[in-house]
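The values are calculated or read from the model by the stated rules, or taken from the named source; none is laboratory data. These numbers come from a predicted model, not from an experiment. Here Cβ is always computed from backbone atoms with ideal geometry, including for glycine, and neighbour counts include all displayed protein chains.
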Amino acid sequence: MSSDAQKAMASSVYDKFSGEELMLMIHRENPAKRADAASMSEADLVAVVKGYSTVYLRGMATASDYASLSKDELVARVNSFRKLRDDTWPKPGNADPFYDLIVEDSLAKNEYPKAKMDAARAAEHTSLAAKCCTQEVWDKYKDQVSTGAAKWTLARAVNSGTMYPHSFVGCHAGDQESWDDFKDFFYPVIEAYHVGFSMETGQGTGPDGKPLPPLAGTAQDRMDPAKIGVDLSESAKEKIVSTRIRIARNLTGFALNPGGDGASRDKIAALLKKVYAGIEDPKLKGEMFRHDTMSNEQRQALIDGHQMFRGCDKMQAASGYHVDWPIGRGVFHNPDKSFVNWINEGDHIRIIAMGMGSDVKGIFSTLSAGTGAVSEGLKKNGPVGEEGGKYFGMEPFQMHPKFGAITCCPSNLGTGMRGSVHIKIPKLIKAWGFKKIDSECRKRMCQARGSSGEHSEVVDRVGISNWRRIGIPEYMLLQDMINCVNWIVTEEDKLGGGK
Ligand code: ADP
Ligand code: MG
C-alpha cells in the first residue's frame, strides 16, 4: 500500500471512531475474545493501535505515526500493547487498574486491612488514610453507610490509600454527608492536611501563627486581586512560563463523583451544558466539548496546552473517579482558553483560569468573574433553581458550614483553590532534585508538582502552588504561593553560573 493510501486509510479510521470510542474498545477488549492480530484487517489494526496508544501513551501519538507502518509492524505493535495491558493487569478478568474501580481484597470483604495498615504506619511515609483509619476508627464505622446519595462506606473511603500506600492522602468522600458521617476519621485527616486549621473552631492560622477569623463573605468576595498584598520579583517573572488558578466545586443535588456513576455524571454534564450556553460575558463565553464526541486534533491540542485531564490514573481509578469513563466527562473553554472548566474529572467541576506569563492578578480576576457566571447559571438551571424541589434556593455549590466548599478529596476542601505557576529553575532541579524542592516548598505552605501536573515527571519546569486550602482567604493562598516562588527564585539565582 502506498503511504498516501495508508494515510487516507488511517485518517478514515480516526474519523470513524472518536478517541473515546477507541479508548473504550481497548479498555473493554476482553482478553478472551480478542481476535488474533494477524487475522485482523489493516484498518482494525490501526484502530486498535490508536486506541492502546490513547491509553498507554496518553494520546500522544497521532494518525500519521501509524500511517507508514506495514501490516507486520502493525501486528507487532498490537501484540506488544496487548502484552503491556496484560502485564499491568492485577488479576484475570477485565479489570483495568488505570480505569476500573478495583477494591482491595480485605476492603472488598469489609475487613480491616490490618497488615497493610500496620505496614503503612510503620513506614517512613504514611498516607493520611492509614494514619487516621486506626482499628478503633474502623470498628466504629465499618457497618455504617453515609446518609447521603452515595451510601458511602469507610471501606470505599480508604481504598486508594490501601491499594497505593505511597499516596499522600489516600481517602475520598462519596457524598457531602460523608465528611460528617465519618467524622472521627475525616476530621483528623482534614486537620492533618490543612495545617493550622481547626475543625473545632473552624478557623485557620495566619502567616504569623495566630488564628485567623472565620472566613467572611463569599468565595467571590475573597477572590479580589486588589487584596493580594505581595508581588512577584522581577527574577521570578522572568522564569515563570505560565500561571493557572483553579477552584474545585461540586453541584448541590448530586453525589460526589467517587460515589456517583455514569448516570449521575451524565446529568451533571447536561446541566452544565445549559449553564455554559447561557454565559454572555464576551471574555468568558465559549463552548463545551464532551470527551466522547471531541475530535482527536482537539483533544491533542487541549492536552498539549495543559487544558485537559486525561484519566488513566491508577490512584484516581481506585477512588472511583473513572467509573463509567468517559461518560459525562468534558471540557469547556473560551476561544483563547483563558477560562477553562473541567467537567466530571474528580470533582463535578474544576473552574480554571490560566495563561502564559505571570499575570497572577489578571488570572485571578478571570477566575472570579468566571466562577460568578457559572454560579449564576446554576441558580437558573440547576436543582437549586425553580424546578429544584428540596434543593430550591440552596447554594449552587455544595458548602459545609465549617470549612466551605465540599470536594471529594480532603486536599481540596475549603476554598478548593490551587494557584500555581510553572517555573523554570534548572539549576535547583539539578542541585536539589524534585523531592527537596517539594519539601522546601511544604515548609512554606506550598508544594511542587511535575511539568504536566500531579504524578508527572519534571521535564523542564516545576509547578509551584499553595498546599493548604482551608480557613484562609483565597487571596492569602496566592500570597503564600508568590512568597514561596520569590524565595525559590532567590535560591536558584544564588547558584550562579549563568542561565
Ligand atoms: P489540579 O490540581 O487542577 O488537578 P494537576 O496537577 O492535576 O492540577 O494539573 C492539571 C493540569 O494543569 C496539568 O496539565 C498541568 O500541567 C496543568 N497546570 C498546572 N499548573 C499549571 C500552570 N501554572 N501553567 C500551565 N499549566 C498548568
Ligand atoms: Mg489533579
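Pull out all pairs, ordered by first then second residue, where Cβ-Cβ is under 7 Å, the residues are six or more apart or on different chains, the first lies in region 404-430 and is without any contact (Cβ under 8 Å) to a residue 60 or more places away in the chain and of a type in the set (Val, Ile, Thr), and the second is in a strand (DSSP E or B) and within 12 Å of ligand 1 (Cβ to nearest atom). Note: pairs meeting the criteria are Ile429/Val462. Pairing each residue of region 219-237 that is free of Cβ contacts under 8 Å to residues at least 24 places away in the same chain with any residue that is of a type in the set (Ser, Thr, Tyr), provided the two are 6+ apart or on different chains, yields no C-beta distance under 7 Å. Among the residues of region 286-313, those that are within 15 Å of ligand 1 (Cβ to nearest atom), outside any loop (DSSP other than H, G, I, E, B) and buried (at least 19 other Cβ atoms within 10 Å of the Cβ) comprise Arg299, Leu302.
Applying the condition of being away from ligand 2 (no atom under 15 Å from the Cβ) and outside any helix (DSSP H, G or I) to region 434-456 and asking which residue is farthest from Gln307 (Cα to Cα) yields Arg444. The condition (being assigned by TED's automatic domain parsing to the domain that holds His348, within 16 Å of ligand 2 (Cβ to nearest atom) and surrounded by 20 or more Cβ atoms within 10 Å (Cβ to Cβ)) is satisfied by just one residue among Ala317, Ala236, Ala255: Ala317. Could you check region 146-174 and list, in sequence order, the residues that are on the phi > 0 side of the Ramachandran plot and among the small types (Gly, Ala, Ser)? Passing the criteria: only Gly170.
Hey, any hits in region 346-355 for a residue that's surrounded by 24 or more Cβ atoms within 10 Å (Cβ to Cβ) and away from ligand 1 (no atom under 13 Å from the Cβ)? Yes, the conditions are met somewhere in region 346-355.
Could you figure out which of (1) surrounded by fewer than 24 Cβ atoms within 10 Å (Cβ to Cβ); (2) farther than 24 Å from Asp105 by Cα isn't true of Val169? So the condition that Val169 fails would be (2).
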